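The structure appears right after this line, and notes come after that.
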């Protein structure tokens, strides 16, 4: 089963965001692209910008199985499964080829889910060139760990730019795909699992039942994250390079439902010291007693997450956060500003008046502010960027800070 475009739009409507769209900033539909851009897409290669940090980057992939839990969406499938891309600072000129962005089948399903399977070939998306090299030798020492969780229905590869940026700055990154929660994710054995969770939620009546189901997604992902931390930091870690992880410096960030999951994971797992929500509605609310004083940042769209927006969950969450906190919104942004889509869409000449922020600025703002947050709260490096508005970033509005 593959999520239909109306499913994604309905889910995002519940979060009061702009409609979901493919390979561009939110509000930018491929159908709106001019003819020359569409024809150029057949021959050109998409490419993510190189990270700004001092390290080369490596990537390895883990398949993790939590035998203590059955999959919540397909119980007959058995244990809960996860795919995890491990990014890390690496020694230069080591490793194999540049790690692939995603498989062609994953790209096909992502494009078709939006109704644009015939507009751009899946090879265009799957062939996106990034930076990390497979099996590169890690830089020795102990490095902070950041867990990343993508938006609902969206493949984990859409957070590649942020993952590589953090790894180049000296972080280990665990980027998770949650089984049956994306339009298509490759698993071992030649399986590509599709978004059964999307079909399940789409079948519910709109309103409180749908919101409750999405709260369940956030809570389920929090359990996934705790399991991943167990497997990365336990006595018999699942990753061969786990010795480079500093177990005392762990953070989490996520986009959309993944951002909600960051707060829920912090609420249930004290190992996570700091978190970021990138434009996600708090379907599962921040606990009434806060997060034990741990820092949290909300980074979202002006249109959907200003204090006067219809999404009241951010105001409620802000009041409950009890540590260092920031509420930032970005002018001209859309729901997908904080992932790879606008960066790739800009290379095809795509634009839309509802989300005029350029692809370049979308990537820079996400990279700089999320990176600064973790540098300050996991590495103890004060970041003036987080103190207030700056002339270099006029799009970023500090709604509240404490």
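Just so it is clear, none of the values below were taken in a lab; they were calculated from the coordinates. Here the structure is a predicted model, which means the values were calculated and not measured. Positions of Cβ are backbone-derived with ideal geometry, glycine not excepted, and every protein chain shown enters the neighbour counts.
Structure notes:
- Annotation: peptides 51-60, 283-292, ranked by per-residue average of other Cβ atoms within 10 Å with the highest first, follow the order 51-60, 283-292.
- Per-peptide packing, taken as the mean over residues of other Cβ atoms within 10 Å, places 153-161, 355-363 in the sequence 153-161, 355-363 from highest down.
- Principal axis box of segment 330-370, alpha-carbon based, largest edge first, Å: 26, 19, 13
- Beta bridges from DSSP with both residues in the chain: antiparallel share about 50 percent, rounded to the nearest 5.
- Shape box of segment 109-179 [Cα atoms, principal axes, largest first, Å]: 47, 23, 18
- Peptides 334-345, 185-196, ordered by how many other C-beta atoms sit within 10 Å of their residues on average, highest first, read 334-345, 185-196.
- Column: log10 I(q)/I(0), Debye, Cα scatterers of segment 52-164, q = 0.12 Å⁻¹: -0.54
- Computed Rg/Rh of segment 45-104, alpha carbon atoms with Kirkwood Rh: 1.13
- Share of alpha-carbon pairs per 10 Å distance bin for the chain, given as whole %: 5, 25, 36, 27, 7, 0
- For segment 256-402: Kirkwood Rh in Å [reciprocal of mean 1/r, alpha carbons]: 15.5
- Calculated on the Cα set of segment 226-318, radius of gyration then Dmax: 14.8, 49 Å.
- Under 19 Å from a label point set 7 Å out along the Cα-to-Cβ vector of residue 134, the amide N atoms of segment 94-111 belong to 94-108.
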